Each structure stands twice: as structure tokens, then as C-alpha cells.
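Trainee: Here it is, the structure, as C-alpha cells.
The values are calculated or read from the model by the stated rules, or taken from the named source; none is laboratory data. Here the structure is a predicted model, which is why all the values come from computation and not from measurement. Because the Cβ atoms are built from the backbone with ideal geometry, glycine has one as well, and the counts that use them run over all protein chains shown.
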Amino acid sequence: MKDTEIIQIDGIDKILLNELMKDARVSINLLSKQVGISGAAVHQRLKKLEKSGLIQGSQIMINPKKLGYTTLAFVGIYLDKAMNNPSAVAQLQKINEVLECHYTTGDWSVLVKILCKDNEHLMNLLNNQIQKIAGISRTETFISLDQQIARQIKV
């Protein structure tokens, strides 16, 4: 299915999805009790939702602070020319601290989300890696003091 194709879900699907977003390791047996259908029916629904592309897998979430990563920053990147985007993004992809990269409207060409151990690590990354990428003319950095909302889209 295409990413732009809208998937129709019913009330049972919504319950299943909301429970899985809370805990992707919840058992099929528990889900079946919550929605009042058999475990086999829950399994079939989940497979259908995966096949449709609505469910894009499950993952373990790492607490980066436990590994010493305490500085989260957003960096707006100005490119010399729009045509430099693919090569700049390819170079950004090689930097492990770059968690997300977005092609944007507005003043920046690209917005990246970066996780560093501290401000010194961030400064080193900006000065010695990001700003040295061919095609990047300058950057604008915003340090996140605290993430106050973290959620997925409500179904």
C-alpha cells in the first residue's frame, strides 16, 4: 500500500493500537480479553494492520541519559543551494548523534535533531563535523531544556 493511502480502522482496532502504543509487549491473550474477541482474531487484525503499513513495527526505547547523553538540540541548517540537499543529508546520515533529519519550508533547508553527551560534545560536533559538510553555509542551534510532551498521533 502507498503511504498516502488512508487506512480505515474500527473501534476494536483503535483499542488494540492504543494498548500497543502504551506497551508493544502486551500479550495477545490480554488484548483479546480487553476487546472481547479471540486471540486468533486479534492476531489476524494485527497482521492486517501490519500489512497495511499502519503498524510499522515495534521497538525498545533506550533512556539516553543512562548512557550519558544529556544534551538534546535542534539544528537548523542553511544550504548554499537546494541541490546540495541529497549530498548534505548523506553526510548527516553518517553522524551517529543525528537522530532525525527533516527537509523543511522556511529559512532553513534542513532541521536535524541531535543528541549529545553535553554542550562541549555538541559544540565539537557542530564545529568539526556538521559545519564542515560541503554545501552547508551555516547553522542555527536550539538546545532543548526539557521535553514536555512526547506522544504518538491519537487513533
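Trainee: Quick one: Ile15 ticks every box in (1) under 30 Å from Ser144 (Cα atoms); (2) surrounded by 10 or more Cβ atoms within 10 Å (Cβ to Cβ); (3) outside the structural domain of Asn124 (by TED's automatic domain parsing) except a single one, so which number is it?
Mentor: Going through (1) under 30 Å from Ser144 (Cα atoms); (2) surrounded by 10 or more Cβ atoms within 10 Å (Cβ to Cβ); (3) outside the structural domain of Asn124 (by TED's automatic domain parsing) one by one, Ile15 breaks only (1).
Trainee: Also, I was wondering about something else. In contact with a Gly (Cβ under 7 Å, 6 or more places away or on another chain) and either buried (at least 16 other Cβ atoms within 10 Å of the Cβ) or not charged (D, E, K, R) (or both), is that true of Ser32?
Mentor: So Ser32 passes the test.
Here's the yes/no breakdown for (1) under 18 Å from Tyr69 (Cα atoms); (2) outside the structural domain of Phe74 (by TED's automatic domain parsing); (3) in a loop (DSSP other than H, G, I, E, B):
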position	(1), (2), (3)
Asn96	yes, no, yes
Leu111	no, no, no
Leu122	yes, no, no
Gln131	no, no, no
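Trainee: What number goes with the only condition from (1) surrounded by fewer than 11 Cβ atoms within 10 Å (Cβ to Cβ); (2) in contact with a strand residue (DSSP E or B) (Cβ under 7 Å, 6 or more places away or on another chain) that Ala73 does not pass?
Mentor: Single failed check for Ala73: (1).
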